[in-house]
Amino acid sequence: MSALYPLLMSPAFDPRPWGTLDLSPIYPNHRFEERIGEAWLTGDNCKVANGTFKGKSLKELSSQFGAELTGTAPKDCGRFPLLSKFLFPQEKLSVQVHPDDEAAQRVNEPCGKTECWYVAHAKPGAQIGLGLKAGTTRASFERAVHEQRAEELLNWINVFQGEMIYVAGGTVHTLGPGSIIVETQQQSDTTYRLYDYGRPRELHLKQGLEAIKETVSSGKVVRPAPVNMNGSKNRLSALVCSTCFVVEMFELKSSQDFKTKDGTGKSSAQILVATDGFGVVTARGSEPVTFAKGDAVVIPADLAEFTVQPQWSLEFLKSYVPGTEMPEPVTRM
């Protein structure tokens with residue numbers, strides 16, 4: 001029997017110049033004296049908040065337990081595979097790009113940074129900049145950076161609560177103000193900042209231009225309608241499926257059972273991120289874990305089965321690494 005159990009994670013609040021002092025839509029009881037841009041939930045250095053491993057980081061536990069924690073689906077069972085976090089943009093983020101796996105390996109990074117954004121909240125007029133306009137080349141984009149007009153060459157699109165955005169590695173992108181995003185991504189923090197509106201931060205133009213892909217499959221994910229589960233009032237929405245990650249939304253009114261293996265027979269750690277409501281996670285031989293909006297629980301792959309019981313109602317994202325390669329999702333701008 002594994003020593004592992006459902007791990008309640010402590011949010012790590014990261015100051016950013018584009019962030020906000022008011023995180024109340026997700027964390028109403030937290031007060032800050034500097035702008036917070038991100039709340040990291042499952043980064044390498046994020047720490048456990050409950051049980052025997054309280055204070056241990058996911059990096060430490062992944063190294064210690066390997067596939068017992070991370071599963072057999074990830075390529076490297078000694079690294080926790082996915083980073084989940086909330087983003088709170090009050091101003092525009094820098095215009096940036098992340099490398100895909102191939103570009104990352106050229107500079108000796110273990111993996112690229114393909115990501116997806118679930119829009120948890122959005123004010124009217126909230127926008128993102130995603131990909132370069134048709135006909136834009138690396139050379140014309142570089143000229144625009146030097147001429148302080150890089151954002152003019154991005155596709156600016158409105159976003160609405162409940163949408164999922166796929167951001168493939170190599171995509172030039174930024175977030176505008178007015179939304180709260182749940183980001184799921186490969187476990188990498190490699191970001192090449194291309195343009196930053198004159199903020200006094202380092203740019204990475206040479207590396208970024210080399211990482212840009214002029215044709216990408218990024219965009220709003222076209223997904224099927226939600227389905228009721230097993231004749232209950234519980235609903236499942238398949239938000240995004242890709243080789244890097246699968247992300248699903250669950251809306252629970254009653255208890256629901258889950259497994260850490262998918263149809264391939266391979267297992268993966270499961271990340272639960274509550275976006276609304278309150279619930280309890282139980283697994284055989286483990287103490288119950290309560291979690292509420294803004295919390296994340298990591299279910300170690302070795303637990304095999306677990307149950308989520310809502311208290312009245314619960315809405316959460318569940319992400320994991322699939323056991324087989326998948327095509328990139330169908331998207332639209």
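What follows is calculated from the coordinates using simple rules that are stated; it is not laboratory data. Computed from a prediction, not measured in an experiment: that's the story for all the values here. Cβ sites come from the backbone with ideal geometry, for glycine too, and all protein chains shown count toward neighbours.
Numbers at a glance
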{"read-out": "For the chain, calculated [θ]222 nm from helices alone, where every DSSP H run of n ≥ 4 adds -39500 (n - 2.57)", "value": "-2500 deg cm²/dmol"}
{"read-out": "Check: the range 197-333 dipole with +1 on Lys, Arg Cβ and -1 on Asp, Glu Cβ, in debye", "value": "320"}
{"read-out": "Theoretical gain in end-to-end length, Lys75 to Leu205 [0.36 nm per residue, Cα-Cα removed]", "value": "43.8 nm"}
{"read-out": "Per-pair calculated FRET efficiency, R0 = 51 Å: Arg143 and Thr282 via Cβ, rounded to 0.05", "value": "0.30"}
{"read-out": "Cα-Cα over 22 Å, subset of Lys220/Lys261; Lys75/Lys293; Lys259/Lys318; Lys47/Lys293", "value": "Lys220/Lys261; Lys75/Lys293"}
{"read-out": "Formal net charge of residues neighbouring Ile157 (Cβ-Cβ distance under 11 Å; K, R +1; D, E -1)", "value": "+1"}
{"read-out": "Globularity index of the range 11-68, i.e. its alpha-carbon radius of gyration over 2.2 N^0.38 Å", "value": "1.37"}
{"read-out": "Percentage relative contact order, the range 227-332, counting C-alpha pairs under 8 Å, at least six apart", "value": "36"}
{"read-out": "Ranked packing of 4-12, 72-80, most packed first, by mean Cβ within 10 Å", "value": "4-12, 72-80"}
{"read-out": "Inter-probe distance in nm under a simple model that places probes 7 Å from Cα toward Cβ, at Asp22 and Thr290", "value": "2.8"}
{"read-out": "With eigenvalues of the C-alpha gyration tensor scaled by 5 and rooted, the range 164-256, Å", "value": "35, 15, 11"}
{"read-out": "Highest-MSF residue in the chain out of Glu60, Glu109, Glu151 [GNM, Cα springs under 10 Å]", "value": "Glu109"}
{"read-out": "Directionally averaged shadow of the range 1-122, computed from the convex hull of its alpha-carbon atoms, nm²", "value": "9.4"}
{"read-out": "Relative packing of 160-170, 246-256, which averages over residues the other C-beta atoms within 10 Å, highest first", "value": "160-170, 246-256"}
{"read-out": "Gain upon complete extension [Asn230, Glu60; 0.36 nm per residue less C-alpha separation]", "value": "57.4 nm"}
{"read-out": "Computed over the chain: relative contact order in percent, which uses C-alpha pairs under 8 Å that are six or more apart", "value": "20"}
{"read-out": "R0 of 25 Å, Cβ-Cβ distance Thr215-Gln161: FRET efficiency to nearest 0.05", "value": "0.25"}
{"read-out": "Lys, Arg +1 and Asp, Glu -1 on Cβ, resulting dipole of the range 7-218 about Cα centre, debye, nearest 20", "value": "180"}
{"read-out": "Estimated FRET transfer efficiency (Arg35, Gln309; beta-carbon r; R0 41 Å; 0.05)", "value": "0.65"}
{"read-out": "Length added when fully stretched, His121-Glu91, from 0.36 nm per residue minus Cα-Cα", "value": "9.3 nm"}
{"read-out": "Protection proxy ranking, peptides 320-328, 85-93, average beta carbon neighbours within 10 Å, highest first", "value": "85-93, 320-328"}
{"read-out": "Two-decimal log10 I(q)/I(0) for the chain, as the Debye equation yields it once each C-alpha is a single scatterer, q = 0.15 Å⁻¹", "value": "-1.30"}
{"read-out": "Choice from Gly43, Gly51, Gly294 showing the highest fluctuation, given a GNM over the chain with Cα pairs closer than 10 Å", "value": "Gly51"}
{"read-out": "Intensity falloff of the range 227-332 expressed as log10 I(q)/I(0), Debye formula with alpha-carbon point scatterers, at q = 0.19, 0.21 Å⁻¹", "value": "-0.98, -1.18"}
